[in-house]
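The values are calculated or read from the model by the stated rules, or taken from the named source; none is laboratory data. All values derive from a computational prediction rather than experimental measurement. Here the Cβ is made from the backbone with ideal geometry for all residues, glycine too, and neighbour counts use every protein chain on show.
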């Protein structure tokens, strides 16, 4: 199969000589006009100022006569399989005639603060101190995208070299060069403010671009076919080989093979949408990861998507054996970045936890129209893995009905599969039915749980429960989680305790530095995780703290959204909505709270240990065990 995915978009292209002329002629206005013409959207005044300042600095750098006048210049180049834009590229030939592209990440930063997160710093952005990727990591990541998805680069015909230029950052401040960033600064050298640093950058550029190309290398890069490289696909397949954790059994294998054939048959005008429904532990994510790895070898443009960050980061780490950034990062993405995507950009999108999809995207929930629509439009084939009983926030709207509606509007052929075999909770479908009944989600015949088939215990104190889970943490496979009824004070002050119950139990929520991979991070047995750290994931034993948001009174399940922490974003807007639509909002909040505990209590393969802050609730759960 030879996919016909779009080639790269480039906003500005010229040679060095023309760029130097344009830099003296309000280049920011020229870029604005071209961006609007090509992308069809306006740019902010802040971005125009950024263009003006950074490109003036690059003009000063390029006035070095050692850099050929006919070297190619590209500004705002869209990276493959991404809506990210590369600030500046320089093209030409090195001393041996090798076609070369230098990627330059431009920043106006003047200072940073360190964090415990890999490749993440704090800097002044958007009027405050916010997290941002280290510039050398960013440049390196762009280079790996080209190596993995651009045919000319993957074949070795074009070499891509990354670097970063922080033209406002003092050369005497070495925080940006901290030892923790060494592996990225070695691969993507970083240059700062000042004449000495500018000369270092000029030397770097002139060393690797010794002959101009009249933009031919740049043109070849942007017109080269986009698709996964054989090297990337082979490397990922090798990582999966022999890994039992990714083996498919029973209906998982049948569904996998069916989707594989459907995806291969998809094409523009022959769009396919696949819905895979299944409860916790039925293997939805396993199928998605296998499709990613196996179909990548057919040169498909493909991504694994999840709204929640934890599943994609954990499965990437399980595949690669590393929780640090790797060249496979670009295969995993969130669902917020497809509202600007051109149609048919991808051959296949694998959307895990599709019930978590939302209407709007972006930090302020103000971008796009509907994530289901956008994901369908962005690919020839979109596969949605869904369990509607795991919608756990007010914003979650992912449903089979909506997916069908958007698929029909697209003219896509819809295929549906259901996974029924339960491989979590000791393979006990009875446990799932019992949970639905005991949590008041729906009535089932399973009113009592036989703890011989699945280990379920109710503890008198949280410290006893946590100790029992810790005792079973063999191979880093046991965790404690809770409903979000306590504030996350330790997020900004690591000396603070979050979950305080009685005189003897004090724990912190999952640390901010490893929240995305908390469930597999060493020593995280000492903390307590929330729904966002474990949804879509599993351990052998799970300990669950049920807070005051779910209690039992007279044998009935009673939920109270007001008992959730004010920091809990899952029920954001509850107080306002309940005044306008009290019955509808209360019912929605009731289901979210029940779904949350259902999800938390189904993370354990071998057992679930429970502590309830309300004594009557503990008595109720004990009465349901045999």
Of all residues in the range 10-43, how many are out of contact with any helix residue (DSSP H, G or I) (no Cβ under 9 Å at 6 or more places or on another chain), farther than 23 Å from residue 223 by Cβ and not in a helix (DSSP H, G or I)? 1
Mind listing whichever residues of the range 478-488 are closer than 22 Å to residue 392 by Cα and not in a loop (DSSP other than H, G, I, E, B)? 479, 480, 481, 482
Criterion violated by residue 324 - all others in (1) under 25 Å from residue 141 (Cβ atoms); (2) out of contact with any strand residue (DSSP E or B) (no Cβ under 7 Å at 6 or more places or on another chain); (3) modelled with pLDDT of 95 or more; (4) not in a helix (DSSP H, G or I) satisfied: (3)
If residue 122 passes every condition in (1) under 23 Å from the mean Cα position of the chain (by Cα); (2) surrounded by 15 or more Cβ atoms within 10 Å (Cβ to Cβ); (3) without any contact (Cβ under 8 Å) to a residue 12 or more places away in the chain; (4) more than 20 Å from residue 192 (Cβ to Cβ) but one, which one does it miss? (4)
Residue that is crowded, with 22+ Cβ neighbours inside 10 Å, touching a helix residue (DSSP H, G or I) at 6+ places or on another chain (Cβ under 6 Å) and either touching a residue at least 60 places away in the same chain (Cβ under 8 Å) or assigned to a loop (DSSP other than H, G, I, E, B) (or both), where the choices are 542, 519, 593, 551: 519
Scan the helices (runs of 4 or more DSSP H) fully inside the range 188-242 and keep the ones with 1 or more residues being on the phi > 0 side of the Ramachandran plot and at pLDDT below 95. none
Condition set farther than 24 Å from residue 286 by Cβ and at pLDDT 90 or above, scope the range 346-366, selection surrounded by the most Cβ atoms within 10 Å (Cβ to Cβ): answer is 361
Members of the range 596-618 that are over 26 Å from the mean Cα position of the chain (by Cα) and touching a residue at least 24 places away in the same chain (Cβ under 8 Å): 606, 607, 608, 609, 610, 611, 612, 613, 614, 616, 617, 618
Residue 290 - would you say it is in contact with a helix residue (DSSP H, G or I) (Cβ under 7 Å, 6 or more places away or on another chain), free of Cβ contacts under 8 Å to residues at least 60 places away in the same chain and closer than 30 Å to residue 431 by Cα? yes
Restricting attention to the range 243-288, which residues are under 13 Å from residue 347 (Cα atoms) and part of a strand (DSSP E or B)? 267, 270, 272, 273
Which one is modelled with the lowest pLDDT among residues in the range 126-140 that are surrounded by fewer than 23 Cβ atoms within 10 Å (Cβ to Cβ) and within 19 Å of residue 87 (Cα to Cα)? 126
Checklist (1) assigned to a loop (DSSP other than H, G, I, E, B); (2) in contact with a helix residue (DSSP H, G or I) (Cβ under 8 Å, 6 or more places away or on another chain); (3) free of Cβ contacts under 8 Å to residues at least 40 places away in the same chain applied to residue 81, failing item: (3)
